[in-house]
Every structure is written in C-alpha cells, then in structure tokens.
Amino acid sequence: MSQGHVSVVCGVGSCLPGRIVSNDDLVRDGLDTSDRWIRTRTGIARRRRVEPGTSTGDLATEAGAAALASARLPSVDLVILATTTPDHPCPATAPEVAMRLGLGTTPAFDLAAVCSGFVYALAAGDAWIRSGAARTVLVIGAETYSTIIDPADRNTAIIFGDGAGAVVLRQGESTEPGVVAAVDLGSDGSGADHVMIEAGGSRWPDPEGREELAARTLRMKGREVYGHAVRRMTTSAQRVLGRLEWPVESVGAFIGHQANQRILDSVADRLGIEAAHRFGNIQDVGNTAAASIPLVLADIVATGQVRPGTRTLLTAFGGGLTWGSVALTWPALSTSTTAFVPPTERTVMEAVPQTPYTYLSDVLAEKFEVDRAAIHETVTLRELDLDSIAVVELFVTLSDHWQIVLDDGEALPDLTRAATAALVEKALAEHAA
C-alpha cells in the first residue's frame, strides 16, 4: 500500500425503485419461462423496475444524497457515476446529478464499464485521492436496465433489475477501517460482442429507430459470459489478495457482482471463501449491473453483519469485456437501506476421485444434483437437465480440478457422459505431453 495519501470509505447509500417484479409477473406478462426455471438457473426471485418517467439520474441522485448523509459531508471534490443507462446519449448524467445534489460546479463525469462499472469507478476515485487531486469523492453506480432490454428476451428479461448505490471516499489513514487497500482492473475487447447493444452508436447509427428490436436492445451470449466471468473474477481476486499477501482465510466479507448466483458460487468456491463470509442480494433485486456491489454494501451496513476493520473483497465482471477487484477493510459507518438476504449455501464437494469418469459422475451428482441412477455412458448432459450455462460451469469445474484447459466452445448440452470424460482425458494427455 502507498505510504502517501489513502482513500477511506466513509459513507454508503442506496436507492431502489418501489415496483417489484416477481418471476411469476414475468410469466403472466407472456415470457416463456417459469419461476422454478429462473430460480434454479439464476437465483433470482424478483427484481425492482422503475416506473415510466423515472431515470437513472433520479436513482443516482437519491443514492448519492443518502451516501453524503451517511458520510456527514455537505459536499465533495469529485462525482463519478458508473452507468450503462445514462439519461441521454449526450451529455453525461453525472453533472446534472451533482447539480441536483447541490454540489454546484464540482467536477463530475460518467464512467462506462457495464457491470464492472462500480469497481472501475471506485478505483478511479481511489486514484484521485491517492494522487492528491481530490480529498473527497462521491462514487455512484446507477442503472435502469429495464429501459434497454427486450421484455420478450429470456436471456436478459429475467436477469436485470434497476437500482442505485453509492459510496463516499475521503482522504484518510492506512490504519482506519474502510481503507481501500488495493485494486486490480482488466479488459479484453475481443469479447465485445458478448454483451452488446448493436445499434444506436457511431458504428451503427439508428436515429429513426428503424432497426430490429434485437439490434436496439441489450443482447448477451450467456455461455461465453459465464466462462469468462468465473475465470476473470477469480484471477483478479487472487491477484489483489496476492498483492496484499492476504490469505483467503483472512477475508471476512466477499461481495461479487450480483450477476447470477451460479457464477457467484463458482467464483467463491474457486477462491475458497467460506459460505458464512459470502454476501449478496440477487434473490431480491436481480442483476443491477454497476449498482449491484454498492447495493450489497448498503444492505450489510444497514444490518451490521460485518464488523469495522474486517478484510473485504469486491470483484466484478462486465461487458467490454471488463473486470476488476478491490480489497478494503470494512468501514465504520451507518445508513438505512433495505434488508439483506443471505445467499443460499451450496454443497461443497470433498471427495477427489481418481479418474475423469468417476469424478465427472460425482460432480454431476453433488454439484448439479443429478440422480446418480440416471448417469450412464450414453446419457447426454441435456437429458440430465443441464442447460448451456450449466455445461460451461461443468467445464470450468473440470478444468480447475484437473488443472487443464477445456474449450468452452465444446461445452455443448448434447455431449454424452462418455464424450465429456473423453475430452478431459484428451486434455490431460496433451497437458502431460
């Protein structure tokens, strides 16, 4: 950690729209799915949605005001708003938010890193303070994804919700609770099309809105995103812990971007985070993109579940592709937010079989809750009720266990148990060679 200026989290705030949309509501509105299907594949039971006329800036202003009140500060030196859903393509939303907060001519700008936005913005605010360019920074993550999704697209309509969360950073001492200890950021533009709105930008202008709805709304390649998210978040988190020489056992609070419960569980399992130290609210608010991590922060502060000074790890992954992690100690502050809902504990596998065939069967039975009696050589993964995302998750698990590289492009539900095990054996042979 730098021996000069450091940043300390001194305020937290949040804002959620009042309208609750349950899984059953989506089904009643005509979406081809079910409550059980959504819960088992994402962990989401409900999400919040804005009413027509409510904007990202409206939510950001409320969350920012709550964070400033929590920090007991009337003003800050800088405002950073992380969002993918600004009020307008031009200008940025942050200056108007700053104005509405009574911050006058304070510098303010938007930051676009999709679901990694809050982590990127927190890193930027931390850098401003460490450089001495600012003494206080308001960092906001706010989204109204309901305005950019196709309500008939099952890949996105079931996942995303609206909301805003914010934190205040101030210059402080490295020994204080709430200090930002280290950050790690990364990107890979080769995966830009994995999470994208194709039309409406300078590459594909659509000023009259003539393009098909699919081109004008958010589209996501779930299988590809799952594999990248698990690997990138895990590696980034390990890198930031290694930089600080923090043993994973010393982490008392882990908050991942609330993308999908299966992704969160997989990352936490790979890192070795105890179930009791994992926090989230995806069940009640869905994936709120850049707002997800600060919303969880606010929930935990409201319920007092983490003691000041506790080592805390944040990690996120988003479109771009972008990812990042932040290590900090838990701040000493208070605020008023919605109730926190702890994540469901998953089964942790302890046995380590000796062959790809037996290990594969154990993974299917223990991690994916497949009936062992149904597992045989010619059964396909689809017949075992594994969808495309689950198959990618299976490949990630097998790759980690055997320390090999399995191609996500081959992670297909029509693979048989025998064919899947054969892919592992082939990769093992190549690795040994």
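For region 12-22, just list the computed ³J(HN,Hα) in residue order, Karplus coefficients 6.51, -1.76 and 1.60, θ = phi - 60°, integers in Hz, with x standing in for Gly and Pro.
9, x, 8, 8, 10, x, x, 7, 9, 10, 7
Go through region 111-220 and name the GluC sites (Glu not before Pro) that are in a DSSP coil and have 15 or fewer other Cβ atoms within 10 Å of their Cβ.
Within region 111-220, the qualifying GluC sites (Glu not before Pro) (loop, at most 15 other Cβ atoms within 10 Å) are Glu173, Glu208, Glu211, Glu212.
Net charge near Lys426, counting Lys/Arg +1 and Asp/Glu -1 over other residues with Cβ under 12 Å of its Cβ?
Summing Lys/Arg as +1 and Asp/Glu as -1 gives -4.
Looking at Gly304, Pro17, Ala421, which one has the Cα that reaches farthest to the positive end of the dipole of the chain (charges on Cβ: Lys, Arg +1; Asp, Glu -1)?
About the Cα centre, the residue reaching furthest to the positive side is Gly304.
Report, largest value first, the span of the C-alpha coordinates of region 144-185 along each principal axis, in whole Å.
For region 144-185, the Cα spread along each principal axis is 50, 19, 14 Å.
Give me the dipole magnitude in Debye, nearest 20, for region 175-232 about the Cα centre, with unit charges on the beta carbon: positive for Lys and Arg, negative for Asp and Glu.
220
Given just the C-alpha atoms of region 29-68, how large is their convex hull per residue in cubic angstrom?
Dividing the Cα hull volume of region 29-68 by its residue count gives 101 Å³.
Measure out, as a whole number of angstrom, how far apart the alpha-carbon centroids of region 390-433 and region 357-387 sit.
Centre-to-centre distance over Cα atoms comes out at 14 Å.
Of Thr156, Leu244, Ser146, whose Cα points farthest to the positive end of the dipole of the chain (charges on the beta-carbon: +1 Lys, Arg; -1 Asp, Glu; origin at the Cα centre)?
Comparing the listed Cα positions along the dipole, Leu244 ranks first.
Return, ordered by residue number, the residues of region 383-405 whose backbone nitrogen is under 12 Å from a label point located 7 Å along Cα→Cβ of Ala419.
What the label zone holds, given the 12 Å backbone N cut-off, is 383.
Could you give me the radius of gyration and the Dmax of region 140-284, taking only the C-alpha atoms into account and expressing both in angstrom?
Values for region 140-284 (Cα only, Rg and Dmax): 18.3, 57 Å.
Taking the dipole about the Cα centre of the chain, with the C-beta of Lys and Arg at +1 and of Asp and Glu at -1, give me whichever of His376, Phe118, Gly409 is farthest to the positive side.
Phe118
Using unit Cβ charges (K, R positive; D, E negative) and no other charged atoms, how large, in debye to the nearest 20, is the dipole of the chain about its Cα centre?
Using Cβ point charges on Lys, Arg, Asp and Glu, the chain gives about 1040 debye.
Once every DSSP H run of n ≥ 4 in the chain is given -39500 (n - 2.57) and the sum is divided by its residues, what mean residue ellipticity at 222 nm do you get, rounded to the nearest 500 deg cm²/dmol?
Value at 222 nm, helices only, nearest 500: -10500 deg cm²/dmol.
Could you compute the FRET efficiency for Lys426 and Ala332, with r as their C-beta to C-beta distance and R0 at 35 Å, rounded to 0.05?
The computed FRET efficiency comes out at 0.05.
Shape of region 1-98 from its Cα gyration tensor (a ≥ b ≥ c, root eigenvalues): rounded if a/c is under 1.5, otherwise prolate when a/b > b/c, or oblate?
Prolate, because a/c is 1.5 or more and a/b exceeds b/c.
In nm, what is the difference between 0.36 nm times the number of residues separating Ser202 and Asp407 and their Cα-Cα distance?
Length gained between Ser202 and Asp407: 70.4 nm.
Let me know the shape class of region 50-162, please: from the alpha-carbon gyration tensor, a ≥ b ≥ c as square roots of the eigenvalues, rounded when a/c is under 1.5, otherwise prolate if a/b is greater than b/c, or oblate.
Note, shape of region 50-162 comes out prolate.
Give, in nm to one decimal, the length gained when the segment between Leu213 and Asp188 is fully stretched (0.36 nm per residue of separation minus the Cα-Cα distance).
6.3 nm
Laboratory data are not the source of any read-out in this text; all were calculated from the coordinates shown. These figures come from a predicted structure and were not determined experimentally. Methodologically, a virtual Cβ is constructed for each residue, glycine included, from the backbone with ideal geometry; neighbour enumeration extends over all protein chains shown.
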